[in-house]
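Heads up, the thing below is written out as structure tokens.
The values are calculated or read from the model by the stated rules, or taken from the named source; none is laboratory data. The shown structure was predicted, so the numbers you read here are calculated from the model rather than taken from an experiment. Here the Cβ positions follow ideal geometry from the backbone for every residue, glycine too, while neighbour counts run over all protein chains shown. Ligands, DNA and RNA are excluded from the accessible area calculation, which covers all protein heavy atoms including side chains. Shrake-Rupley method; radii C 1.70, N 1.55, O 1.52, S 1.80 Å.
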Amino acid sequence: MADLSTEIKKRRTFAIISHPDAGKTTLTEKFLLYGKAINLAGSVKGKKTAKHAVSDWMEIEKERGISVTSSVMQFNYGGYCINILDTPGHQDFSEDTYRTLMAADSAVMVIDASKGVEKQTIKLFKVCVMRHIPIFTFINKMDREANDPFDLLDEIENVLGIRTCPINWPIGSGKSFKGVYERQENVVTTFKAAMNGQKEVETSRIEWNEANNKELVEHMGNDLYDKLTEDLELLDGASAEFNLSEVQAGDLTPVFFGSALTNFGVENFLQHFLKMTTSPLPRKSNIGEIDPFRPDFSAFVFKIQANMNKAHRDRIAFMRITSGKFEAGMEVNHVQGGRKVKLSQPQQMMAQERHIVEEAYAGDIIGVFDPGIFSIGDTLCSSNDKFEFEGIPTFAPEHFARVRQVDTMKRKQFVKGINQIAQEGAIQIFQEFNTGMEEIIVGVVGVLQFEVLQYRLENEYNVEIKLERLPYEHIRWVVSKDIDLNQISGTSDMKKIKDLKGNPLLLFANAWSPNMVLERNPGLELSEFGRN
Ligand code: G4P
């Protein structure tokens, strides 16, 4: 099976995370240009032109002109087959954004050099840390006035709690940006005037040594030359040594400075990244780790996209292939469903186009037609197997609302609709702790999901709802089994709820309350992630 192993070895599957506007789309676009998957910059998200070519399935997306779905893009570069998972941002930030990270083997974190570490990056970073996947940092927009690079590294280390190892070092920023010093090669890559970003900016490489002093000073000027000399001394003393195994364990992040828009430092980053990151990693299951190179196919569902065709209420289940090879039309074991299924209409994204795949390998992401049988976290494996992958955690919603149907006669449709939407993972549903199903409390990660819920219940289930927002923003799953929730000493802003399986949870309005409750109740254990 040389073929299988060659194919899998060349796969690199990663997610790009950032706070909106840091330059995630611009960077992705430049990657795709290098992979020749697109011809022109501006085609991934021509903001003002063909805005939502990639995903215009849901009416709500069209109406609001935003993308609710996350997409996967595959391209080839330098002998690698690369899958980029885009994590939706802005208002369409949702649990899907987090779940996408469960399908990746590493993450690229884009940081705006003038803003530093921002809120959404912190949230996504936490999920990467939970999974111990390698994280690569691209500090973007060096062609604009930037924060001091040492301060940026300090911030990453202090706010995110990961050690940093700069692979290159910026020389100035904004109008006086002169390029970067490549630490491993002892070379300065020069930045001259910005081109329009379609091609990489014109650069030259000057070795950093005595003999080239004149040329170096001519390029960057005396002040920047002195500053760089000083910076490099400081760096050698202060920054962590590069260590590949620490990078691969997610303990050390290699840092690159560049400018996605002007296409400076992007290809260099891509090349280093591809070398430092790994091919598809094994995944935990109830029979131990599943090796990606194992010839038998296996995959898990990490995202369900509903409503591709309203008339049929059909869905697409996105799965990450975890071992072996997938072939179109293949019959597999759907473990949680307890039956064999044929994976029909398998699709893959290639830049903007959706096309039918004939074959795919461990590391790849495919979307298959789902007649309503799959749930998030489900395992699919070859017909001889019957194991289950470790489930996907439930991520903490940050917005809550009490929801009820306007027309009491429509209770049945309401319950059915809200349960189906919850099964797709777009919302989480809870109940009051001591009462029945009368009142439903809905929790969402991004507020847009409330609108999606309202819209879908009306359009697909013909149920009008009333939504009353609740003041809570923090949720904790109760981990300790032997704690009686009726007995615990809470805070005034705390609310007890339960999930549909009866598991207890706590809601809080204030960020500091969970710790107070922990202090007041020895033995109580709380978690920010839930297990299905
Ligand atoms: P996002 O996906 O992370 O939300 O960010 P996106 O790539 O859309 O970039 C946000 C804005 O920042 C865009 O400008 C983009 O052109 C700009 N940008 C990205 N990388 C760089 C960079 O390296 N240098 C500079 N100077 N700007 C950069 P916009 O005006 O909001 O959008 P557009 O109209 O240019 O598309």
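Please note which strands (runs of 3 or more DSSP E) are completely contained in the range 370-448 and include at least 1 residues that are closer than 20 Å to L506 by Cα and of a type outside the set (V, I, T). Spell out the reasoning first.
Working: elements: 379-381, 399-405, 428-432, 440-444.
Passing ranges, in order: 399-405, 428-432, 440-444.
Output yes when any residue across the range 477-497 is part of a strand (DSSP E or B), without any contact (Cβ under 8 Å) to a residue 60 or more places away in the chain and touching a Pro at 6+ places or on another chain (Cβ under 6 Å), and no when none is.
Within the range 477-497, one or more residues are part of a strand (DSSP E or B), without any contact (Cβ under 8 Å) to a residue 60 or more places away in the chain and touching a Pro at 6+ places or on another chain (Cβ under 6 Å).
Could you pull out the residue among D148, D112 that is modelled with pLDDT of 90 or more and within 11 Å of the ligand (Cβ to nearest atom)? Step through it out loud before you land on a result.
Values: D148 fails: within 11 Å of the ligand (Cβ to nearest atom).
Step by step, each of D148, D112 is checked, and only D112 is modelled with pLDDT of 90 or more and within 11 Å of the ligand (Cβ to nearest atom).
I'm told F136 meets every condition in (1) assigned to a loop (DSSP other than H, G, I, E, B); (2) under 26 Å from T394 (Cα atoms) except one. Can you identify the failing condition by its number?
Of the numbered conditions (1) assigned to a loop (DSSP other than H, G, I, E, B); (2) under 26 Å from T394 (Cα atoms), the odd one out for F136 is (1).
Kindly check whether there is at least one residue in the range 463-470 that is open to solvent by 20 Å² or more (accessible area, probe 1.4 Å), farther than 25 Å from S527 by Cα, among the aliphatic types (A, V, I, L, M) and not in a loop (DSSP other than H, G, I, E, B).
Checking the range 463-470: at least one residue is open to solvent by 20 Å² or more (accessible area, probe 1.4 Å), farther than 25 Å from S527 by Cα, among the aliphatic types (A, V, I, L, M) and not in a loop (DSSP other than H, G, I, E, B).
Residue check: is M437 more than 23 Å from R99 (Cα to Cα) and modelled with pLDDT under 90?
yes
Quick check on the range 238-270: of everything there that is away from the ligand (no atom under 14 Å from the Cβ) and touching a Lys or Arg at 6+ places or on another chain (Cβ under 6 Å), which residue is least open to solvent (accessible area, probe 1.4 Å)?
L252
Return the only residue of S375, S382, S344 being open to solvent by 10 Å² or more (accessible area, probe 1.4 Å), under 29 Å from F75 (Cα atoms) and within 21 Å of the chain's Cα centre (by Cα).
Step by step, each of S375, S382, S344 is checked, and only S375 is open to solvent by 10 Å² or more (accessible area, probe 1.4 Å), under 29 Å from F75 (Cα atoms) and within 21 Å of the chain's Cα centre (by Cα).
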